[in-house]
Amino acid sequence: MLAQTATQSYQQNSVTTADPLKLILMVYDRAIHGCQQKDLKMVGRAISELIRGLNMDAGEISWNLLSIYEYCGDLIRGGKYDEAMNILKELRDTWSNLKMVEKTNGR
């Protein structure tokens, strides 16, 4: 019980102290893990969180991401977890590369 409380506390602290890009990566990780577990609820929540995080005023990229997230949602509802996971992994890798570029540029 104490270990579970410590784990929950650590996870909460990780989320509240993470920069926005790290939070995006954490949500992708959750979605990918959900696909691996074939957990519709977990993946659905993660995709919903990704959608809520979109700034639709940012232009075409946000609308394109929305379409991709909705497509992934359709895939998981159809039981195609592996296909959704591949798309989510590719997107996660893209965000991760952006994180590395930020570090390289001293941000």
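Readers should treat all values here as calculations from the given coordinates under stated rules, not as data from a laboratory. All of these numbers come straight from a predicted model, not from anything done at the bench. For neighbour counting, all protein chains shown are included, and Cβ atoms are generated from backbone atoms with ideal geometry for every residue, glycine included.
Selection over the range 59-107 of residues that are closer than 15 Å to Val43 by Cα and aromatic (Phe, Trp, Tyr) gives a count of 3.
Note on the range 35-52: residues that are under 18 Å from Glu90 (Cβ atoms) and either free of Cβ contacts under 8 Å to residues at least 24 places away in the same chain or not in a helix (DSSP H, G or I) (or both) total 2. For the residues Asp57, Asp29, the requirement of being at negative phi, in contact (Cβ under 8 Å) with a residue 12 or more places away in the chain and in a helix (DSSP H, G or I) singles out Asp29.
Restricting attention to the range 77-99, the residues that are among the charged types (D, E, K, R), under 20 Å from Lys22 (Cα atoms) and exposed (fewer than 14 other Cβ atoms within 10 Å of the Cβ) add up to 2. Being acidic (Asp, Glu), surrounded by 15 or more Cβ atoms within 10 Å (Cβ to Cβ) and over 14 Å from the mean Cα position of the chain (by Cα) is a property that Asp74 lacks.
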